[in-house]
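See structure below.
The values are calculated or read from the model by the stated rules, or taken from the named source; none is laboratory data. Since the structure is predicted, the reported quantities are computational estimates derived from the model, not experimental observations. Neighbour counts run over all protein chains shown; Cβ positions are idealised from the backbone, glycine included. SASA here: full protein model, heavy atoms, side chains in, ligands and nucleic acids out. Shrake-Rupley method; radii C 1.70, N 1.55, O 1.52, S 1.80 Å.
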Amino acid sequence: MTGISFIYDLRENLPEKKTSFLKALDAVSPGPDRHSEVILEDSSYLLCSTRHNEYPVSCFTVGEFTIYLEGKIYGQDGSAIRRSLRELGKDLIDNKKDIKKVLSEWLLVTEGEFIVVLLHNPSRRIFILNDIFSRLPVYYHISEEKLIISRNYRFISQLVPNKDFDKIAIAEYLLFYYSLGPRTFLKDVSRLPAASLVQVDIEKGTVRQETVYEFNLDNKKYRNRSAQRNAAELVRLFTQSCREKTSGQGIKGDSSYSSHAGSCQNKDGTRGLNILSLSGGMDSRAIGAGFHHEQIPFIAATWLDYQKKSQLEADTAKIVAKACGAKWQLFPLQFSPGKDVLRLLRIKSGLAPLARPHILQYLDQLKQRYGSAITYFAGSGGRSDVPGPQAHRNDYECR
């Protein structure tokens, strides 16, 4: 699994163990093109990143802050994102301001799928936050004077002292195909909730995690509007989301990370194609309609299982693609061998159902045909229940 791994421990000198941590990350991150590296380090913490060359990561210093950004913030260019994160950091260290209110207001107007680490260099305070829908799954373990946060569940499970299984989480998984809420298979490892803020004060030796915002779906703010007006507003928001998530939006010039000797350096990212995984479902059709409405070019891709049970869905997808004026590509799949099941198990550590290993074959074919520098729209929001299109840029195994 690609992405961030952050370790904080006052009882140990972590730089002395960074080589073993990197080896452990590489061992649990399948894929020959992946590598792990330390981005920031101190005697009490390590910030590591496991990535392939196109994975969207940037690290930069602005004012008093060193900032690590994983994922994408849409609708803003690089300079605007830097200013926004710098101002957010200043508000977070301002003791006169309500941190929860400040961050929730920022998250509500910031479109993206991201994890941000802000290090305030003078005070040595660290703030770690994710987007309002937790579109990039991340896990954590927190105890007295110790914190581990990682996108890689297998890595974090190796570092926690308590390996007791959470039987309720396992039962929920067997019933629903996933564990409810923040539960994972281990009692002392949790999924970080959406709109979370984790604060580390190195000088005081304190760690704190809190959720700063939760949607209240019982509050019908616009219930007195007509159905037509609400529908028109939903269309406006949806098409705006389509525009902001397509190639050329988001971070420009900051879309990848390279480092040497512990320094941070950015390089220009490449602009790629918009690939919509189009099936017979309504979610991907809606995204195709949104792209067509906004005159956004895209390629529609559809997989066909080896038994051809999804032939009707493929035929429907072809018709939809033609109606949207998009090129359509069919990817016939072969029988999924056991190695695909094992690969899926290693990628998701059992946190995703193993009944669909064919998806890896499909994604491999997409990468082989179109390369890695694409924006892949999966349609469904999955566990996040995300309204609007889901874009996975440059990371075809991010879920």
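For the reader, a short list of remarks on this structure follows.
- Taken together, E244, E294 contain a single residue that is acidic (D, E), out of contact with any helix residue (DSSP H, G or I) (no Cβ under 8 Å at 6 or more places or on another chain) and at pLDDT below 95, which is E244.
- Looking across segment 300-359, the residues that are more than 23 Å from Y178 (Cβ to Cβ), aliphatic (A, V, I, L, M) and open to solvent by less than 40 Å² (accessible area, probe 1.4 Å) come down to A300, A301, L304, A314, A317, V320, A321, A326, L333.
- Cβ-Cβ under 6 Å pairs, at least 6 apart or on other chains, segment 119-144 side farther than 11 Å from G89 by Cβ and among the aromatic types (F, W, Y), far side open to solvent by less than 10 Å² (accessible area, probe 1.4 Å) and in a loop (DSSP other than H, G, I, E, B): Y139/V189; Y140/L192
- Residue in segment 87-103 that is over 27 Å from S20 (Cα atoms) and polar (S, T, N, Q) present: yes
Yes or no, residue by residue, for (1) touching a Gly at 6+ places or on another chain (Cβ under 8 Å); (2) open to solvent by 20 Å² or more (accessible area, probe 1.4 Å); (3) of a type in the set (S, T, Y):
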{"residue": "L175", "(1), (2), (3)": "no, yes, no"}
{"residue": "L180", "(1), (2), (3)": "no, yes, no"}
{"residue": "F185", "(1), (2), (3)": "yes, yes, no"}
{"residue": "D188", "(1), (2), (3)": "no, yes, no"}
{"residue": "I202", "(1), (2), (3)": "no, no, no"}
{"residue": "F215", "(1), (2), (3)": "no, yes, no"}
{"residue": "D218", "(1), (2), (3)": "no, yes, no"}
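- Among (1) under 20 Å from E113 (Cβ atoms); (2) surrounded by fewer than 16 Cβ atoms within 10 Å (Cβ to Cβ); (3) in contact (Cβ under 8 Å) with a residue 40 or more places away in the chain, the one test that T211 misses: (3)
- Number of residues in segment 332-352 that are within 26 Å of the chain's Cα centre (by Cα) and either over 20 Å from V28 (Cβ atoms) or among the aromatic types (F, W, Y) (or both): the value is 0.
- So E233, is it closer than 28 Å to L192 by Cα, modelled with pLDDT of 90 or more and among the charged types (D, E, K, R): no
- Unmet criterion (only one of (1) open to solvent by less than 50 Å² (accessible area, probe 1.4 Å); (2) assigned to a helix (DSSP H, G or I); (3) at pLDDT below 90) for Y362: (3)
- Of all residues in segment 61-71, those that are at negative phi, open to solvent by 10 Å² or more (accessible area, probe 1.4 Å) and in contact with a Lys or Arg (Cβ under 7 Å, 6 or more places away or on another chain) total 1.
- Test set (1) modelled with pLDDT of 90 or more; (2) closer than 28 Å to L92 by Cα - L175 fails condition number: (2)
- Of all the criteria given as (1) more than 26 Å from the chain's Cα centre (by Cα); (2) over 30 Å from E70 (Cα atoms), the one not satisfied by G280 is (1).
Results for (1) under 17 Å from Y68 (Cβ atoms); (2) among the hydroxyl-bearing types (S, T, Y); (3) touching a helix residue (DSSP H, G or I) at 6+ places or on another chain (Cβ under 6 Å); (4) open to solvent by 10 Å² or more (accessible area, probe 1.4 Å), shown as yes or no for each residue.
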site	(1), (2), (3), (4)
G31	no, no, no, yes
E41	yes, no, yes, yes
L47	yes, no, no, no
T50	yes, yes, yes, no
